[in-house]
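Trainee: Take this structure, written in structure tokens, and hold onto it; I'll ask about it next.
Each reported figure results from applying straightforward, stated rules to the coordinates on display, with no laboratory input. Nothing here was measured: the structure is a model prediction, and the numbers come from that model.
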């Protein structure tokens, strides 16, 4: 069994987590005002669901580090790169299936254009990579799951506030908008505004590029502290 298969099966065995990963967004897509109002907040709210889903899945890597399982894994002929890459690919696949189902349901229910659906899917998929990488970097800083969870909730609430999740980016004062730019949530919000026609296509691709840069930086930091 490959590490990818093991990570995938281990995640799928957590029935409660799996139910939350799929039940919440699929229930959300049927709340019409979230997706059809003038300032449709469903698009950005779903980005935060992706963030929490990524964090929940990546916690298994933290468990391996805390329990010492990762040391035994690396004692086998398995490289660090292979362990992280295949594990993160498994998490990405689980969330990507969720994204595909949600966008397909939204296209059927709200007649989203094909172009919009494709850009929306791409934006969420790239943000998934960033969210997984961020979660890996985050967990690498803690030795206690409880402490990690508590601080993560506070930090993500702060990111959501400045990233256009609770308050539209256009309504934020300039100095708060400038602070929000240092968080990946801000850039997924910008890409989603472009999908909704409230930003230019150049801003969409700029947002995608910056999310990829965030993902690379988080992965480098998170994987560096693999055994600590």
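Trainee: Which whole-number percent is the relative contact order of the chain (Cα, under 8 Å, 6+ apart)? Don't jump to the answer; show the numbers that get you there.
Mentor: Values: 236 pairs, mean separation 55.4, N = 228.
It comes to 24 percent, rounded to a whole number.
Trainee: If you average 1/r across every pair of different Cα atoms in the range 3-224 and take the reciprocal, what Kirkwood value do you get, in Å? Please list the in-between numbers first.
Mentor: Details: mean 1/r = 0.0555 Å⁻¹.
Hydrodynamic radius (Kirkwood, Cα only) of the range 3-224 equals 18.0 Å.
Trainee: Over the Cα atoms of the range 77-135, each weighted equally, I'd like the Debye log10 I(q)/I(0) at q = 0.31 Å⁻¹, rounded to two decimals.
Mentor: Taking Cα atoms of the range 77-135 as identical point scatterers yields -1.20.
Trainee: Can you bin the range 171-228 into rounded, prolate or oblate? Criterion: square roots of the alpha carbon gyration tensor eigenvalues sorted a ≥ b ≥ c, rounded for a/c under 1.5, prolate for a/b above b/c, oblate for the rest.
Mentor: Working: a/c = 3.65, a/b = 1.83, b/c = 1.99.
It comes out oblate by the Cα gyration axes.
Trainee: Could I get the Rg over Rh figure for the range 1-40? Both from C-alpha atoms, Rh via Kirkwood, rounded to two places. Provide the component values of the computation, followed by the final result.
Mentor: Values: Rg = 15.7 Å, Rh = 12.3 Å.
A ratio of 1.28.
Trainee: Rg/Rh for the range 139-202: what does it come to with C-alpha atoms and Rh from Kirkwood?
Mentor: 1.09
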